[in-house]
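Down below is the structure, laid out as structure tokens.
A short reminder: the numbers here are calculations on the coordinates, not readings from a lab. Keep in mind that this is a model prediction, so the values were computed, not measured. Counting neighbours? That spans all protein chains shown, and the Cβs are built from the backbone with ideal geometry, glycine included.
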Amino acid sequence: MSVLLDIRGVTRRYPRPRKRLFQEEAPLVAVDNVSVQIAQGRTLGIVGESGSGKSTLARMVMAFEAPDAGEVLFEGKNIHALTRRELQALRPEFQMIFQDPFGSLDPRRSVGWSVAQPLRAAGRTADPALIARTLEQVGLRAADVDRFPHQFSGGQRQRIAIARAIVTRPKLLVADEAVSALDVSVRAQILNLLMDLQEEMGLGILFISHDLAVVSSLCDDLLVLRNGVVVEQGSAAGILNAPGHEYTHTLLTAARLELQGEGAA
Amino acid sequence: MIEVQDLSVRFGEAEALRRISLTLTPGERLGLVGESGSGKSMLGLALMGMLPEQAAMSGRLTIDAHDLSGAADREWREMRARKVAMIFQEPMMALNPLRRVGDTVMEPLRLHLGLSKSDARRRALELFEETGIQDPEEKLRQYPHELSGGQRQRVLIALALACDPGILIADEPTTALDAHVALRITDLLTRLARDRGMMLVFISHDLAAVARTAETVAVMYGGEIVEMGPVGQVLSDPKHPYTKGLLHARPTITGGELRKRLPMIPGNVPALADLPPGCRFSGRCAVELPHCAGTRPAIHAVGGSRSCACHRVPEVMDGAME
């Protein structure tokens, strides 16, 4: 299987405000020398708590910000070395969905307009038939193009955000806490949808979450981050069966349904 | 002791809570679990006498033999000062950012218990120690923004415990916290309830957190308790189709079965006004019968102290539905 995304020794530092006038503070290392690959049609899960650097890593993969060291190769091309125009041409190939679909959809624009946005950004025409087909693909109706975000439930809004992300037929989908704000029953629907789309379109998925249970349900490989440093990485089955680090173990404990007392299985 | 009998809360036509009945004995830990719109927070507010003004409550609510159904604001204020305390999801929002946290915790001690300033300070220090706040002396002087999320939640727990309440209502207290911090907060709440003989109402959408914290669980859907019983029994052998669906829809970490499609509950949680008049879960239920949507299911006893509100309970009990 061909490597879709190759993250090589990526580091990102942020300067910290000075506490004293004549003394620089040591920078905060948000992501520290992370290397990982995603093959076509595979899912990589990145797990960590707040401040672990998982979202910073996602932003670098999306070329929203550049690493201080290391490189991100998308199909062999260093995305941070591209010109603006080259990046614009490549963007339809990798798309992102966020935690809060309400915040990422323009409330004054129709669903059809929002879903077509990545096409317009890439200078393509927004073919109504393609928009309609994409909405149906994520379990919405073609007639929903003329409705507005507030007319949908949280789960349906996340479907709209997914439609917008896949409308350009990308090869890579980056999902940052995409199901964290959803109810358990709705979350299962969205996770299944992502798995279906992956099968259908051969998507590579970078799936970021703080919840190990969610990650384990759809990921092939796993990367556990803590304070910007990789604590553990490898096949999801291997790590979940035998976590090699105490931190992974804590995350597992938090995610597991442990029954105690009378009647516990 | 808390006794709730046929408690309903209406907002005009919409019924936010429908015929809730439950009993809580001193030291008991009850988990209220459900998705958004299930009514779990509304029930928490009802137990605190803090329902919105437009809400019309009916039914009976007694706390320590005080009948509080239709109690006046003054009576509730007294209740909240001494007997019932509450903590919330976002501790930053519940603390005054301009006050040192020590002063915030000392306020009820001075106001309600009439302690002198130095006594209140000593008591606040003890409460900080009891809730596991490190360097309590120093923390008393700090402002909310100087503390981490977990420490802020501990400060709020200390504040809630200030007047030695018999009941602590915790509404999603761990949802905004990181996993390892959340584990310690649920441990703390469990220990406090046990050591103090305090009733704990733990409200959460997180089944794992409820399983760790509560002894009894009430599963809520559409403003009703659909199933209730000892947490281990309910979650290992659920009787209600909704509880079953919820448990199955939850990804489990088995290690062996990765990338498996999750069994889904179809549809969305309907808005309050759109709930079916009969069984609230009809329309999404896998074992629904034609009369379910129109007729309210009775609350059936299903062995031991367990109950389940479903028309199909008799068949479930016969094992005919497996």
Is one or more of the residues making up the stretch A:197-214 of a type in the set (S, T, N, Q), buried (at least 22 other Cβ atoms within 10 Å of the Cβ) and under 20 Å from the mean Cα position of the chain (by Cα)?
yes
Restricting to the stretch B:168-207, what's the tally of residues that are under 13 Å from the mean Cα position of the chain (by Cα), surrounded by fewer than 24 Cβ atoms within 10 Å (Cβ to Cβ) and under 18 Å from residue B:3 (Cα atoms)?
2
Output the residues belonging to the stretch B:98-150 that are among the polar types (S, T, N, Q) and crowded, with 18+ Cβ neighbours inside 10 Å.
B:104, B:131
Could you tell me whether residue B:210 is crowded, with 20+ Cβ neighbours inside 10 Å, assigned to a strand (DSSP E or B), touching a residue at least 12 places away in the same chain (Cβ under 8 Å) and of a type outside the set (Ser, Thr, Tyr)?
no
For a quick check of your reading: which strands (runs of 3 or more DSSP E) sit entirely within the stretch B:1-69 and have at least 2 residues that are over 24 Å from residue B:89 (Cα atoms)?
B:2-11, B:14-24, B:56-63
Among what's in the stretch B:1-50 and is under 16 Å from the mean Cα position of the chain (by Cα) and among the charged types (D, E, K, R), pick the residue that is nearest to the other protein chains (Cβ to nearest Cβ).
B:35
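Condition (residue is within 24 Å of residue B:186 (Cβ to Cβ) and of a type outside the set (Phe, Trp, Tyr)) applied to the stretch B:110-123: is it met by at least one residue?
No, that holds for no residue.
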Given (1) buried (at least 18 other Cβ atoms within 10 Å of the Cβ); (2) in contact with a strand residue (DSSP E or B) (Cβ under 9 Å, 6 or more places away or on another chain); (3) not polar (S, T, N, Q), index of the condition residue B:292 fails:
(2)
With (1) in contact (Cβ under 8 Å) with a residue 12 or more places away in the chain; (2) within 27 Å of residue B:66 (Cα to Cα); (3) assigned to a helix (DSSP H, G or I) as the list, and residue B:145 as the residue in question, which single condition is left unmet?
(2)
So which pairs qualify, if the first residue must be in the stretch B:179-190 and at the interface with chain A (Cβ under 7 Å from one of its Cβ atoms), the second must be of a type in the set (Ser, Thr, Tyr), the Cβ gap must be under 6 Å, and the two must be at least 6 apart or on different chains?
B:180/A:250; B:182/B:174
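Does the stretch B:23-30 include one or more residues that are farther than 27 Å from residue B:232 by Cβ, acidic (Asp, Glu) and surrounded by fewer than 21 Cβ atoms within 10 Å (Cβ to Cβ)? Break it down into steps so the answer makes sense when it comes.
Applying the first criterion (farther than 27 Å from residue B:232 by Cβ) to the stretch B:23-30 yields none.
No, the stretch B:23-30 contains no residue that is farther than 27 Å from residue B:232 by Cβ, acidic (Asp, Glu) and surrounded by fewer than 21 Cβ atoms within 10 Å (Cβ to Cβ).
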For residue A:258, which of the numbered conditions (1) more than 7 Å from chain B (Cβ to nearest Cβ); (2) part of a loop (DSSP other than H, G, I, E, B) fails to hold?
(1)
Scan (1) more than 13 Å from every other protein chain (Cβ to nearest Cβ); (2) surrounded by fewer than 24 Cβ atoms within 10 Å (Cβ to Cβ) for the single condition residue A:175 breaks and write down its number.
(2)
